[in-house]
Structure formats: structure tokens, C-alpha cells
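Inspection log for the structure reproduced underneath, given as C-alpha cells.
The values are calculated or read from the model by the stated rules, or taken from the named source; none is laboratory data. Quick caveat, the model's predicted, so the values are computed rather than measured. We place every Cβ from the backbone using ideal geometry, glycine too, and count neighbours over all the protein chains shown. In case anyone asks, the SASA skips ligands and DNA or RNA and just uses the protein heavy atoms, side chains included. Shrake-Rupley method; radii C 1.70, N 1.55, O 1.52, S 1.80 Å.
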Amino acid sequence: MSPLRTHAMRASFAPFLLLTAFMPLAAGAALTRVEGVAVSPKEGRPLYRETHYLQDVDGRQARLVLYRCTDGRAFARKWMPPATDAQAPDFDFVDGRDGRRESVQRQGSKRVVSIRSATAAAEQGKALEMPAGGVIDAGFDAAVRAHWSTLLKGDTVSLPFLLTSRQRWVPVTLRRVAAIDWQGQPAEKLQMQLDAWFGFAVPAVSLVYAREGRRLLEFEGTGNVRDANGAWPQVRVRFKDPPQATDDNALAQARAQPLVASCTG
């Protein structure tokens, strides 16, 4: 779920390329699956689905995400190996529809941010110093958990966030908006937004977390996958059901599932 975007060059909170050679995960480690459904906020029209596979590896979390067409076929995939710093994981992403690739890899004290706009395009990489408290992609979820008590007191949290497509760090603020009832369960509504002017406007991101367990229930903002027209749509992604136990076979199938070139036809 990594969502800061600006026109055709934006990065998401939700939030990337799955390499053919995976880092092996510990057999028998706890493995769960979470399903999310993305809809158009204005029309309520289904746009795509997300399936997250989460596995604990020696106290660190690995994540595999399949982005699926509404009929269930996978069109994009993201891989996050077990992260020493939960707020700043490495990731790799590929979109099977055009071959777009984004990745962030640790290199000593730096992060190498690489972008490929399409299958035939040249990859562009840039090494950035890692700032204190920096947040990368889905690491925002760990950041929310780490600052939960501060947020509930009403204090604003400022963090550097990696804007992948711009290959730069930008300041963002995270704050509590209100306590709400979300489909019958107590929840907290949060807001994340850019904390400076960089010559482009970025819509604020709305987040809803369950009060019990601090589980992400809803994300609303600019999506991290493009639509059929190549634009970055506004989406509302809901994770209605809690994580469900799954097995290594399901994970292996998700790793190997071919990516389609189009969600139509």
C-alpha cells in the first residue's frame, strides 16, 4: 500500500519488481495473506485487487504483493525481502503491462533508487544517503505503529519519505484526524501529506487504522499502479478482513504466477 505522486512521475506510500531469483525464506515461518480491493473513490467502481503475503523471518517481515485485475489475473508484483529497518525496506516492483520497474536497494549507508519506465527503456539509478527516520514505500505502516502513541496524543509527526520516481527524499507530516467507527469497529483516521512546496501539488493521503491491533483498514489517495490510460488514479483500498493463515505452496504460486500484459481481453 506505499502514495505521493506528481503527474506521470510520482511515488506511492503503498506505496515493486519481483526478481526471478528470490531470497529464500525460512520454511515453516508464520505466513499470512491479506486481501485488499481498490475502487474509484467517486464512483465506487472496482479498479484492481491486492494480495499481500506476509512472512516473519527471524523477527523481520518479508512481503510479496500481487496486483490483480478484477478477474483475478496478476498484472504487477512487488517483493520486499526481510528488512532490518522496518520503516525503510528494500523493494523491487514490475508492471507486466508495460515493463515499468522501480527498485530500492541498500548499499552501505545509502539506498540505490532505480527506475525503468518501460521494458525497452534504460534503467536510471541514483544513490541517496539514508536520513535518520527515513520511510520507504510500505515502511509507512511500521512508521505509524512506531509513532502510534504520539499520534493519538494529537501531536504531528514529521518524517523524510522517499519519493521514488523523483529519486529524492521529501518531508511529510503524519497526524491524527479523528476517532471513527469503521464498519462497526473502533478506528483512527490519520492523514499524511507533503510538508513543503516542491513545484508540484500532491493530494493528502487518508489512512484508517483499527484501534485494536493497529491494522490498516483503508487507504485513500493516489494509487501506486497506473490505469489503462497510463495515469495515476485516485483510489480507495480497503482491507476489510484480518490476515488469514496461508501456506508455502500459495506463496510459491504467487511468486511464479505470470503477469498479464493487459487486464482486458
Practice problem: Report yes if some residue within segment 68-85 is at pLDDT 90 or above and either touching a helix residue (DSSP H, G or I) at 6+ places or on another chain (Cβ under 7 Å) or among the β-branched types (Val, Ile, Thr) (or both); otherwise report no. | Solution: yes
Exercise. Of all residues in segment 46-63, count the ones that are open to solvent by less than 30 Å² (accessible area, probe 1.4 Å), under 23 Å from GLN234 (Cα atoms) and not β-branched (Val, Ile, Thr).
Key: 3
Quiz item: Is there a residue in segment 99-112 that is modelled with pLDDT of 95 or more, surrounded by fewer than 21 Cβ atoms within 10 Å (Cβ to Cβ) and aliphatic (A, V, I, L, M)?
Solution: yes
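Tell me which residues, restricted to segment 139-166, are of a type in the set (S, T, N, Q) and open to solvent by less than 30 Å² (accessible area, probe 1.4 Å).
Of segment 139-166, the ones of a type in the set (S, T, N, Q) are 149-150, 156, 158, 164-165.
Passing the criteria: THR164, SER165.
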Practice problem: Exactly one condition in (1) open to solvent by less than 30 Å² (accessible area, probe 1.4 Å); (2) outside any strand (DSSP E or B) is not met by ALA196; state its number. | Solution: (1)
Quiz item: Taking segment 119-146 on its own, how many of its residues are in a helix (DSSP H, G or I), within 22 Å of GLY99 (Cα to Cα) and out of contact with any Leu (no Cβ under 9 Å at 6 or more places or on another chain)?
Solution: 1
Exercise. Pick out the one residue from ALA83, ALA62 that is assigned to a strand (DSSP E or B), aliphatic (A, V, I, L, M) and over 22 Å from LYS240 (Cβ atoms).
Key: ALA62
Exercise. Give me a count of the residues in segment 207-254 that are open to solvent by 10 Å² or more (accessible area, probe 1.4 Å), part of a loop (DSSP other than H, G, I, E, B) and aliphatic (A, V, I, L, M).
Key: 2
Exercise. Show the residue pairs that are 6+ apart or on different chains and have beta-carbon atoms under 9 Å apart, the first residue being within segment 44-59 and part of a strand (DSSP E or B), the second being polar (S, T, N, Q) and open to solvent by less than 30 Å² (accessible area, probe 1.4 Å).
Key: PRO46/SER40; LEU47/SER40
Quiz item: Which residue, of SER165, SER149, is farther than 29 Å from VAL94 by Cβ and in a helix (DSSP H, G or I)?
Solution: SER149
